[in-house]
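**Student:** Before I ask anything, let me first share the structure, which is written out below as structure tokens.
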Amino acid sequence: MSISEKTPLAQEPALVVDDVVKRFGRGTEIVTAVDHMSFSVKQGEFVSVIGPSGCGKSTLFNIIGGLLSDYEGAVKIGEERISAPHPAVGMVFQEESTFPWRTVIDNVAFPLELQGVPKSERMDRAHHFIDMVGLASFENAFPSQLSGGMKQRVSIARTLVSQPKILLMDEPFAALDEQTRLLLGDKITQIQQELNQTTLLITHNLTEAVQLSDRIVVMTYRPGQVKRIVDINLPRPRTSDVVGSDAFGHYVAEIWNDLREEASRGMADSESAASRRAAHG
Amino acid sequence: MAETFLRRRTPELFGMATLVVCVLVFEALIRGGVVNRYIIPPPSDILLAFERVIVEENILARCRDTAFEMLVAGGASVLVGVPIGVLLYRSALWRRAMEDWIGALAAAPIVLAFPLFLVLFGRSPKTIIVMGFVHGLAPIILKTVEGLASTRPVLINVGRSLKMTSSQMFWKILLPSAMPIIFTGIRLSWTFVLITIVGIEYLINLGGVGQLINELAERYDLPGTYAGICFVILVSVLFFLALERVESWLQPGR
Ligand SMILES: Nc1ncnc2c1ncn2[C@@H]1O[C@H](COP(=O)(O)OP(=O)(O)OP(=O)(O)O)[C@@H](O)[C@H]1O
Ligand SMILES: [Mg+2]
């Protein structure tokens with residue numbers, strides 16, 4: 001998994017989402033959360049999926065992560081259709097997911113413990129990633145002693161520590177303030193470039209998506225479809241400084257145009273639901 | 001130093017002070033004739049009776065017997081209750097079939113069935129231990145199931161995404177996550193166990209502190225009786241302090 005192992009097939013898609021459909025419920029209560037979505041992520045590429053709340057992002061994340069095996073179409077890693085968690089994939093969840101009974105360092109070292117990595121080595125590796133997410137002085141703290149954003153950083157470090165070939169993240173920065181978000185974004189970019197990690201980031205944050213991605217998949221609101229795929233041709237290596245550039249502003253404006261429509265549909269949807277409830281109530 | 005020590009110990013000191021004040025109030029009420037001293041002896045008499053029950057009635061040995069029964073019965077209900085809880089959690093069918101029965105068992109006044117147990121196990125500590133055990137079982141089973149079932153789904157998903165085996169999942173995620181609720185079950189259970197054990201000792205006039213309290217009460221030695229009750233509280237406090245230790249050792253950071 002070191003840099004020297006870089007695959008020669010750098011342009012091969014590492015992850016293919018092919019005509020994926022997922023419906024919940026039955027009868028008249030059916031919700032189509034993901035509707036015929038197709039896109040692919042190349043080896044070493046950073047792709048973001050952006051869409052308004054409730055459009056089916058987490059559902060897609062769970063399908064790709066192999067946690068929802070009952071879906072139509074195919075998610076493929078290599079030749080394999082995903083129907084269970086794949087060892088090459090590391091996941092960072094949207095909800096807080098630290099283990100409250102373990103210290104920060106024991107949380108982060110957890111995946112290595114499962115792999116049977118000797119204690120001193122796993123502590124070293126965990127230490128490295130804790131440092132990277134800026135929690136070095138909290139190694140021996142318990143999650144109950146941390147803020148929400150700090151806990152989320154522990155989860156990120158816990159996923160990074162096993163250096164997965166494909167990194168899947170579901171709104172990992174949602175609980176962070178803008179400054180931390182930008183700086184942590186830099187760290188993630190840096191790791192991703194170092195390890196040539198294929199990354200799929202689920203987000204509803206435009207700045208974050210443009211700052212980090214090579215490509216952005218814009219989703220529609222209900223049913224969740226691919227509205228557009230935007231290539232982000234900002235230079236690499238890239239840091240959060242890019243946020244000030246004209247090109248950056250241009251991309252943000254362009255994608256916001258697409259997103260506004262979907263977001264307002266989402267808003268209208270929940271407003272009408274609320275007024276229906278009010279009328280009934 | 002002294003100041004921070006005081007501040008840290010404030011709750012304990014406050015608790016002690018409250019106790020002392022209550023005792024003094026009772027003393028005053030009884031001495032003043034407001035409360036009949038033949039129903040409640042003055043605390044000072046109870047205090048004086050301590051020496052007598054220790055030296056003449058050998059209450060410490062009685063406490064040891066009661067504590068031993070408590071340890072065996074309480075320990076057995078943990079060792080048997082937790083695995084049963086795990087089984088019920090694993091099998092939805094069993095769980096639906098059994099949960100109501102176990103709930104009923106938890107609420108049933110099993111103490112009243114002591115004649116049956118006497119027939120089965122004879123007039124021996126065995127009867128006392130078995131009854132304590134049976135009484136302590138239900139809360140542990142129920143709380144174990146509840147604890148395991150309330151594991152946050154996202155933690156289970158973390159485990160699945162790391163491709164954990166089901167035994168790793170149990171030992172490293174489900175059980176630690178359920179631990180606080182299981183301990184609530186143990187605390188409930190041990191309360192039942194101690195009540196049952198002392199109660200049965202009293203009822204069948206056998207063994208530990210319960211029997212001694214029975215004898216003292218028969219002799220109408222009220223200060224002695226109340227001193228005996230103080231020793232029961234002492235045993236209970238010791239058990240719960242030990243349990244607290246084990247709990248904070250098993251699950252730091254909570
Ligand atoms: N297990 C489920 N059962 C039924 N419906 C579900 C289930 N999971 C998700 N849904 C529905 O699917 C839709 C998409 O949900 P999803 O969680 O994927 O949205 P999201 O894009 O991640 O939203 P957010 O940005 O708020 O996290 C929602 O309408 C939701 O109600
Ligand atoms: Mg989501």
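The values are calculated or read from the model by the stated rules, or taken from the named source; none is laboratory data. This one's a predicted model, so the numbers in the text were calculated from it and none came from an experiment. Glycine gets a Cβ as well: all are built from the backbone with ideal geometry, and neighbour counts include every protein chain shown. All accessible areas refer to the heavy atoms of the entire protein, side chains included, with ligands and DNA or RNA removed. Shrake-Rupley method; radii C 1.70, N 1.55, O 1.52, S 1.80 Å.
**Student:** Which shape class applies to the protein assembly as shown: rounded if a/c is under 1.5, otherwise prolate when a/b exceeds b/c and oblate if not, where a ≥ b ≥ c are the square roots of the Cα gyration tensor eigenvalues?
**Tutor:** On the way: a/c = 2.66, a/b = 2.37, b/c = 1.12.
Prolate, since a/c reaches 1.5 and a/b exceeds b/c.
**Student:** Separate question: How many Cβ atoms of partner chains, on average, are near each residue of B:156-168 if near means within 10 Å of its Cβ?
**Tutor:** 6
**Student:** Taking chain A as the reference, fit the longest principal axis to its C-alpha atoms, fit the long axis of helix A:148-160 to the helix C-alpha atoms, and give the angle between the two in degrees, 0 to 90, nearest 10.
**Tutor:** 70
**Student:** Got a number for carbon plus sulfur as a percent of region B:61-250's accessible area, 1.4 Å probe?
**Tutor:** 71
**Student:** When the convex hull of the Cα atoms of region A:95-163 is projected onto a plane and the area is averaged over all directions, what value comes out in nm²?
**Tutor:** Dividing the Cα hull surface by four gives the mean projection, 4.1 nm².
**Student:** Per the 1.4 Å probe, what fraction of the accessible area of region A:95-163, in percent, lies on carbon and sulfur atoms?
**Tutor:** On the way: 1260 of 2640 Å².
Carbon-and-sulfur percentage of accessible area, whole number: 48.
**Student:** Can you tell me the convex hull volume per residue for region A:46-145, based on C-alpha atoms, in Å³ to the nearest whole number? Intermediate results must be reported in sequence, preceding the final value.
**Tutor:** Values: hull volume 15.8 nm³, N = 100.
For region A:46-145, the hull spanned by Cα atoms encloses 158 Å³ per residue.
**Student:** Something else now. Which shape class applies to chain B: rounded if a/c is under 1.5, otherwise prolate when a/b exceeds b/c and oblate if not, where a ≥ b ≥ c are the square roots of the Cα gyration tensor eigenvalues?
**Tutor:** On the way: a/c = 2.77, a/b = 1.53, b/c = 1.80.
Note, shape of chain B comes out oblate.
**Student:** Sequence gap at least 6, Cα distance under 8 Å: using those rules, report the relative contact order of chain B to the nearest whole percent.
**Tutor:** Relative CO of chain B lands at 25 percent.
**Student:** Rounded to the nearest whole Å², what accessible area per residue is found for region A:128-281 with the 1.4 Å probe?
**Tutor:** Details: 6850 Å² over 154 residues.
Heavy-atom SASA per residue in region A:128-281 reads 44 Å².
**Student:** Between A:Q115 and A:Q179, what is the label-point separation in nm under the 7 Å Cα-to-beta-carbon projection?
**Tutor:** 3.5
**Student:** Show me the helices of chain B, taken as full DSSP H stretches, that run 27 Å or more along their long axis by Cα and average -0.5 or above in Kyte-Doolittle hydropathy.
**Tutor:** Those that pass (Cα extent of 27 Å or more, hydropathy at least -0.5) are B:10-31, B:59-90, B:125-149, B:175-204, B:222-250.
**Student:** Whose amide H sits under 5 Å from the amide H of A:G224, counting only residues 5 or more places off or on another chain, with H placed in the peptide plane?
**Tutor:** Hits under the 5 Å cutoff: A:V34, A:D35.
**Student:** Quick check: with the 1.4 Å probe, what order do B:Y226, A:Y221 take by accessible area, largest first?
**Tutor:** Values: B:Y226 75, A:Y221 20 Å².
Reading off the accessible areas and sorting them downward yields B:Y226, A:Y221.
**Student:** Another question, if that's okay. Put +1 on the Cβ of every Lys and Arg and -1 on every Asp and Glu Cβ in region B:61-250; which of B:I156, B:A217, B:I195 then has its Cα farthest towards the positive end of the dipole?
**Tutor:** The residue sitting most towards the positive pole is B:I156.
**Student:** To the nearest 10 degrees, how steep is helix A:246-280 against the longest Cα principal axis of chain A, on a 0 to 90 scale?
**Tutor:** The two axes meet at around 60 degrees.
**Student:** Separate question: Between region A:148-182 and region B:134-155, what's the alpha-carbon centroid distance in Å?
**Tutor:** That distance is 32 Å.
**Student:** Taking a probe of 1.4 Å and counting only protein heavy atoms, give the total accessible area buried between chains A and B in Å², rounded to the nearest 100. Spell out each step's value before the answer.
**Tutor:** On the way: alone 13500 and 15060 Å², together 26730 Å².
That pair hides around 1800 Å² of surface in total.
**Student:** Just tell me which lysines come within less than 30 Å, Cα to Cα, of B:K126; anything on the same chain fewer than 8 places away is out.
**Tutor:** B:K143
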